[in-house]
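Peer 1: Have a look at the structure that comes next, please.
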Amino acid sequence: MSEFATFHISKEQETAKFARKLAPYLKEKDVLFLEGTLGAGKTLFARNLIQQLCGQDIEVPSPTFNLLLTYDSPAGEIYHYDFYRLEDPEEVWELDLEDALEDGICLMEWVSQLEDLAPEGALTVRLEIPEGEEGRRIIHLSGDESWKARLADIGAV
């Protein structure tokens, strides 16, 4: 897996706009890892991506306490995971992960908690806050060649 695109975002609204722009590229069986420190905008990104896929302005809270929230969309069932509070990687099997990987679109925050159980072939969206520039973000996209080809024309916000 290698980084194939970097986008410099100057406002929170641009992070939301980029998530909405990425949404139409997704299909069943896709997995996205959302990475970044606390406050980097992972949930903002997920919220806007999910709202775009669902075709409506639905409420999309952070799944931190539930660990999993699901949404129906024309593109397929969306599984939004937050593994931050996962105490043991094996607990992931209690969260419908097998079904999600088989027929859904999976958004996963804090995937490092899964250790070696993290699915392969994911697109990683890493949100970075440049030092001393709290309002700005850098979005890094990483994945295999199939993701690079699929997102070749995504362009900047």
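The values are calculated or read from the model by the stated rules, or taken from the named source; none is laboratory data. This is a predicted model, so every value here is computed, not measured. Here the Cβ is made from the backbone with ideal geometry for all residues, glycine too, and neighbour counts use every protein chain on show. In case anyone asks, the SASA skips ligands and DNA or RNA and just uses the protein heavy atoms, side chains included. Shrake-Rupley method; radii C 1.70, N 1.55, O 1.52, S 1.80 Å.
Peer 1: Which of the residues that make up segment 102-118 are closer than 23 Å to Leu44 by Cα and either open to solvent by less than 60 Å² (accessible area, probe 1.4 Å) or among the β-branched types (Val, Ile, Thr) (or both)?
Peer 2: Of everything in segment 102-118, those that are closer than 23 Å to Leu44 by Cα and either open to solvent by less than 60 Å² (accessible area, probe 1.4 Å) or among the β-branched types (Val, Ile, Thr) (or both) turn out to be Gly104, Ile105, Cys106, Leu107, Met108, Glu109, Val111, Leu114, Ala118.
Peer 1: Go through segment 1-39 and count every residue that is in contact (Cβ under 8 Å) with a residue 24 or more places away in the chain, part of a helix (DSSP H, G or I), open to solvent by 70 Å² or more (accessible area, probe 1.4 Å) and not charged (D, E, K, R).
Peer 2: Summing the residues that are in contact (Cβ under 8 Å) with a residue 24 or more places away in the chain, part of a helix (DSSP H, G or I), open to solvent by 70 Å² or more (accessible area, probe 1.4 Å) and not charged (D, E, K, R) in segment 1-39 gives 1.
Peer 1: Do we have Ala122 as among the hydrophobic types (A, V, I, L, M, F, W, C), open to solvent by less than 30 Å² (accessible area, probe 1.4 Å), out of contact with any helix residue (DSSP H, G or I) (no Cβ under 6 Å at 6 or more places or on another chain) and modelled with pLDDT under 90 here?
Peer 2: Here the answer is no, as Ala122 does not meet what is asked.
Peer 1: Sort out which residues of segment 54-84 are closer than 19 Å to Gln13 by Cα, among the aliphatic types (A, V, I, L, M) and open to solvent by 20 Å² or more (accessible area, probe 1.4 Å), and write them in order of number.
Peer 2: Result: Ile58, single match.
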